[in-house]
Each structure stands twice: as C-alpha cells, then as structure tokens.
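Below is one structure, written out as structure tokens; the observations come after it.
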Amino acid sequence: MSSLLSQGPLSIPFVRWVAAALCLAVLLYFVPLVHFTPLQQAQDKIAQAKFDAVKYADDFWHGPLLAETENALKIEELISALQASPKKAAERYGKRLGLSSSSSYFIRGTGTIISKQDDVISIALTNSDSAKVVIELGPVFGNAIRDGSGLLDISQFSNTQEFNAISSEINMKVEQLVFPVLDDPEMLPGTVLRFAGGIELPDADTAPLKLNLIPVVVARL
Amino acid sequence: MIIKRFPLVLLSLFLGLSAVLAGCERGEQGSTATSAEESTTAKQKRVAVVISTLNNPWFVVLAETARDRAQELGYKATIFDSQNNPAKESEHYDNIVSSGYDAILFNPTDADGSIANVRKAKTADIPVFCMDRELNANDVAVSQILSDNYSGTVALGQYFVKQVGKKGKYIELLGLVGDNNTWNRSKGFHSVVDRFPELEMVAQQSADFDRAKALEVTESLLQSNPDIDAVFAGNDAMAMGAYQALVASGKSDTVKVFGFDGADDVVKLIAEGKITATGMQFPKVMAKTAAESADAYIKGKRDFPQKTPVAVELVTQENVSNYGDYGRN
C-alpha cells in the first residue's frame, strides 16, 4: 500500500479503483446478487405456498356446500327421472367429470330410518315404506359430493392432486361431522330425518333399486 | 489485414456451416417423409406428436392413435420420442418450433420440467394439447386430456382390500417420481389402503414405469421381504416385471399383483387368473380427443376446458371379458 501511494502520479488511478470498488460495494449492499435466507424461513415460505386442502375443504364445507344443500335436487324427482330413463336423468340432472362413465347428483329429501344393521342405515322416503336410500357408515371414498355439487371446476386448480385432495378431505368431514349423528344410539328405526348429499351412479341401462348417499347434512325432524 | 482477419472469417464460415447443417438435421429428425412427399404436401398442415417414451406398448398406442387420428383429419403427423429424457424433449420442441408445426399433441416427461418447452411453443403460437400426463400449470397448454388416475386407484384400492383382506404385507412400485400420474395413483391407492392399519407396506420403490427395472426391483425386494401378500404397481409394465419376478421365485400363485393402465398383456393375464386387477385407462380416447381438439383449434375454436379427466375403469376377473385392445370391447 505504502509503495503504491508513494508512486505519486499512480495514486490517481488507484483512487479511481478504490472509488469504483466503494461504489460497487454500496450497489451490492442495496442490490445483492445473492440473497441468503435462513433455511427454516425458506421452508415456511414453501409450506405457505403449498395448497392447503384441509383449509380449503373446511371453507368449502361450511360455506358454499352447506348453502347448496338448500338448492339440491329433490330425491323423488331424481328417482322418477331414473325410472323413466337413466340416460336422460344423467343428462338432465347429473354432473359428469370430463369423459367419465358415471354421473354424480346432489340431492335432498326427508325419510324414515327403517333399519340399522352392520353400519348400514336404510331409509324409506316419506309416503313410502321401502328403502330407497342407503347410508353406509365407515370410510368414505369417491367423489360423490365434490362432483355432485357441481361447485368445483378441476381447471381452477393448478394440478389434479389438489382437486383430489379436496375430495379426500370432504370425505373425511363426512366421517367426522355427519356419521357421528347417525351413529347415535338414539337414531333408531322409526326416526324421521332430513338429509342432503351426493350420489354417484355408473352409467347403466336400468335404474338402481337403492341409492347410496354420501351425506352432507343429516338432521332429525 | 486479410491474414489478421482470417481466423474471424474462418470462424464465421464454421458457424454459418454449422447452422445450415443443424437446420438440415432439424428438418429431417422425427420425419419419415421423402422430399417428393414434402413437395406434394407443401400446403398440408402438420401436427407433432411428442411422446414421453415409446419403450412401453401403452405409449405406443397413445402415440399411434394420435398420429392416425390427425392423419384422418387431413394433417401430416410425425411422432417424436422423448425417451423419458426432458433434454431430448426440449430438443424436439426446438425442432418443432423452428420447423413451424401447426399443433403439438403432447405427452410430457415431467409435470414441472416440461412447462418451459410448452411455453416455447406457446410463444411461437403453436397450440399444445396434453395427453394422459399433466403439467403443473394452467396457462401454457390449450387443453389437457388426462386419465382420472386418483379415482381409478381409489377403486383399485377398494378391490385390493377385498382381495388381500384387511391384514397383510405388500410392496408398492412407483413410476417416475417427477410425473404427477405417479403420485395421483399412489395417493389414490393409499387413500383407501392406509385406512386399514394392518395392511402394511413393507417397501415402496420407484421402477420408473419400466418393466425391466420392475423385475430387478421386485427381485431385490423379495430377498428382504419374502413373506409379502401383494404387489401394487403404478403401471402395467411394472406389474408385468413384478409378475415375472414372482414367477421366477415361485411365488406367483400366492402373491397378488395389481397394475394400472389396461395393457393388453395384463388384461390377458387377468383373464387367466394370474394378475388380480388393473385400472383401464383409455389411451385411444385421450389421443383421439387431443387430435380432434387440435383440429378444432386450427379451425378457429378457442373455448376449451383446461382439463378434461378421462375415467379409469377397474378390470377384474369378473368383468375382464368387457375389455381388450386398450379399451372397452
């Protein structure tokens, strides 16, 4: 350093270099080329950006889905349409996901429990004495509610994993919120119920004898 | 002066010549058309069919059906094999863009990695229609026609529990880890099977959707887990590899194999009672829908759903007679 300063005229370029280095340092301080972030902070950011299916399903369930139960198709209408023509019933009332070989429906109705055996609850509709609706308590699979409600569009989600995770969480809500109501020992045959939920039916030429309901709402009347 | 500039001139000549040769190469790669054919089809629009791999009969059916449907609709169609290699796929896209194709029917190698390629085509105003495999982006492809893998494996998982029982040991063979189908299938299956805590997955390993790798992986897993009751394979090629390994170890009569795809060889083995079940995807339906969508786009249609799931159907010994030739009979 002392030798450089002692060179007299050479000190001007030296000062220029120092000034340039200082400018660069100041610039890099405000606009860094590399930004270091604590690992935990970065992981938290990724977790926040990740789709939260549990929260989404919770908001969906307590918001649009429960509201939609008021507008659901009356089950008697669906049964009558299915008996006339399953194909036309699907076209008129069914929701079909893409090029699917099944249709889903969102229905509501009232009825009476006529039997409760091995976690299978059979319900006869009002003014009828035969079981038309069946609810199976236990693990819930499929997309009857998600697709039957017609409220969610697969194209709104960045990938199908998110769309599927929602269905899985909705099914979990059925098990956690609705099945305990039905599992109540006081829910005996003879109990009159109001219900709403999803039904999934594969394409067929004949109407099914009973409809398997995945319930969103079950309430004693 | 000339001598001074000579290296520069030489370099320019070299670069120019390279560019010309590269252009020639691009023009010919993936195409089987002769120059005579080129001249007669000068005005014919062209469709590129870019497939993740042709080293699997299921994808060959997907590719050939897409090509044939595009040809029926009046296009000159060429198949490009990405060999499960994103770099190869990227090269194909460069060639397709520079050659000015009119549409791409695309089966991606990677849900994230392939996005940049599709973006390249989009920038060049070439519409892309995905088949079977998904991209993790909704703003690049015009439309994505996808198998509903998750729902398919939910049904397969329920059948698995019925066949294997609520207690047992199994191994899972995963496909390519960068592909969404791998995880949709695995998650759909586990959404059912994991509800039964006594069904224990003793090993889960990737065999890249490849039959030979599945044979190798299963052989190795059988060494450490000789008492398994079932194998769930994320596609039929791997199911075939696993079945071969079980035959070789004398366990094919006691270990149940479940696949996914609906490949002809697996459907035949289901009919013979050697493989338990598979999920029938419909490659021909997906390929035809993609080709017809591309045709509609070229003719001016712009309103396409971003995603169209195609249902997967469970094929078992009870209904196997309804299926064959990569679809319903």
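Assorted remarks:
- Residue within the range B:247-266 that is touching a residue at least 12 places away in the same chain (Cβ under 8 Å), buried (at least 24 other Cβ atoms within 10 Å of the Cβ), of a type in the set (Val, Ile, Thr) and closer than 30 Å to residue B:106 by Cβ present: yes
- Hits in the range B:241-265 - residues which are in contact with a Leu (Cβ under 8 Å, 6 or more places away or on another chain) and under 24 Å from residue B:151 (Cβ atoms): B:242, B:257, B:258, B:260
- For the range A:136-159, taking the residues that are of a type in the set (Val, Ile, Thr) and touching a Phe, Trp or Tyr at 6+ places or on another chain (Cβ under 8 Å), the one that is nearest to the other protein chains (Cβ to nearest Cβ) is identified as A:154.
- Residue A:72 being within 28 Å of residue B:143 (Cα to Cα) and under 19 Å from the mean Cα position of the chain (by Cα): no
- Taking the listed residues B:161, B:202, B:128, the one that is among the β-branched types (Val, Ile, Thr), in contact with a strand residue (DSSP E or B) (Cβ under 8 Å, 6 or more places away or on another chain) and surrounded by 24 or more Cβ atoms within 10 Å (Cβ to Cβ) is B:128, with no other qualifying.
- Residues (over 21 Å from residue B:182 (Cβ atoms) and among the aliphatic types (A, V, I, L, M)) located in the range B:218-227: B:222
- Output for the range A:106-119, where each listed residue is in contact (Cβ under 8 Å) with a residue 60 or more places away in the chain, over 17 Å from residue A:76 (Cβ atoms) and not aliphatic (A, V, I, L, M): A:115, A:116
- Residue check for residue A:57: within 14 Å of another protein chain (Cβ to nearest Cβ), among the aliphatic types (A, V, I, L, M) and out of contact with any helix residue (DSSP H, G or I) (no Cβ under 6 Å at 6 or more places or on another chain): no
- Residue in the range A:160-173 that is on the phi > 0 side of the Ramachandran plot and within 14 Å of chain B (Cβ to nearest Cβ) present: no
- Top-ranked residue of the range B:188-225 - restricted to ones that are closer than 24 Å to residue B:311 by Cα and among the hydrophobic types (A, V, I, L, M, F, W, C), ranked as nearest to the other protein chains (Cβ to nearest Cβ): B:192
- Hits in the range A:98-118 (condition: outside any strand (DSSP E or B) and either under 30 Å from residue B:143 (Cα atoms) or within 14 Å of another protein chain (Cβ to nearest Cβ) (or both)): A:98, A:100, A:101
- So residue A:125, is it more than 10 Å from chain B (Cβ to nearest Cβ), in contact with a Lys or Arg (Cβ under 6 Å, 6 or more places away or on another chain) and closer than 29 Å to residue A:221 by Cα: yes
- For the range B:271-319, a residue qualifies if it is under 30 Å from residue B:254 (Cβ atoms), surrounded by 22 or more Cβ atoms within 10 Å (Cβ to Cβ) and away from chain A (no Cβ under 12 Å), and the qualifying residues are B:275, B:276, B:277, B:278, B:279, B:315.
Quick note: the coordinates plus some simple rules give every number you see, no bench work behind them. Everything numeric here is computed off the predicted structure, so don't read it as measured data. Neighbour counts are summed over all protein chains in view; Cβ atoms, including those assigned to glycine, are modelled from backbone coordinates with ideal geometry.
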